[in-house]
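Below is one structure, written out as structure tokens, with a few remarks after it.
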Amino acid sequence: MEISLEEISSAIRLVREVCDRWDDPQAWREHLLRGICTLVDGHVGSIFDIEMQSTQANGRVRAVANVGFPDAVRRAMLDESMMQVSHRGFDDISQNTSPGIDVMFKQFSEKGWATMIGQELADPEEMRASPMFQNFRKPMNCDDLVLSIRKVDIPDRLEMIDIDRPIGASPFGEREATLLKLVHDEIAPLVGVRLATEKHLCRDGLSQRLNETLSLLLDGRSEKEVARQLRLSPLTVHRYVAKLYVHFQVSSRAELLAYFLRRNPIFRESANEPPIDPIA
């Protein structure tokens with residue numbers, strides 16, 4: 001099924017909006033997921049990191065973002081479900097936990113990418129009889145799914161996007177897979193290049209006050225203006241600014257502004273100082 005020009009425009013606009021949030025890993029991932037859910041009519045979405053050990057076995061699987069899950073219990077269940085497949089071979093997972101994972105990674109190993117709907121992974125009845133569905137997906141009201149896996153610009157790491165529909169909803173089709181593929185093809189090469197992760201110097205680890213201070217500085221406000229806006233003392237704001245300089249490995253406001261103008265995230269490992277501890 002062909003997708004419309006309007007849908008293509010929506011996908012491109014989503015990529016641009018995600019890039020505008022480049023310095024906040026949680027924000028850009030959640031915006032990406034919400035946008036994809038809107039594009040393909042999904043009700044929940046998640047992004048997972050997969051640290052590969054070999055072509056036959058994965059390493060750690062970690063949920064780094066999710067949207068649509070209504071409470072902490074379900075989010076915790078999502079993390080638990082990922083623990084069930086971490087550090088196991090794809091054949092083992094497919095046979096004993098979640099059917100079709102071997103099919104997906106076979107396509108990935110052959111093509112360098114994989115975007116597939118549930119019906120391409122396994123028979124729907126086989127999928128619903130699996131431990132993954134019975135123990136985790138069903139309690140979270142997740143039935144049919146569309147998955148996409150790409151390698152991103154961080155060594156030995158894959159990124160998987162999982163979009164789901166509730167029990168009783170119509171299954172995903174070719175249109176939804178095409179839209180997800182379009183977005184993921186555009187996003188994956190930017191991760192670590194234009195889109196920061198927790199491994200980069202970014203907003204990750206900043207407290208709310210430091211975030212607010214940073215945003216006002218980037219808007220062109222002086223320290224005195226920041227103090228008035230946040231109703232803080234100038235000395236407190238000066239302390240916050242100093243901590244921002246340490247966090248972003250700069251020594252002046254001009255260098256801080258330049259970092260954000262370039263939109264070129266720097267790995268934390270390259271810094272001489274560790275990231276700052278969050279403060280109130």
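Throughout, read-outs are computed from the coordinates displayed, never taken from laboratory work. Note that this is a predicted model, so its numbers are computed, not measured.
Of note:
- Total lysine pairs in the chain at Cα distances under 21 Å, for residues eight or more apart or on different chains: 8.
- Antiparallel beta bridges, as assigned by DSSP with both residues in the chain, represent about 95 percent of the total such bridges.
- Relative contact order of the stretch 5-190, pairs being alpha-carbon contacts under 8 Å that are 6 or more residues apart, as %: 23 percent
- Fluctuation leader among 95, 229, 26 - the chain, Gaussian network, Cα springs under 10 angstrom: 229
- Helices in the chain, meaning DSSP H runs of at least 4 residues, each add -39500 (n - 2.57). Divided by all residues, the mean residue ellipticity at 222 nm is -14000 deg cm²/dmol.
- Relative to the longest principal axis of the Cα atoms of the chain, the long axis of helix 234-247 makes an angle of roughly 50 degrees.
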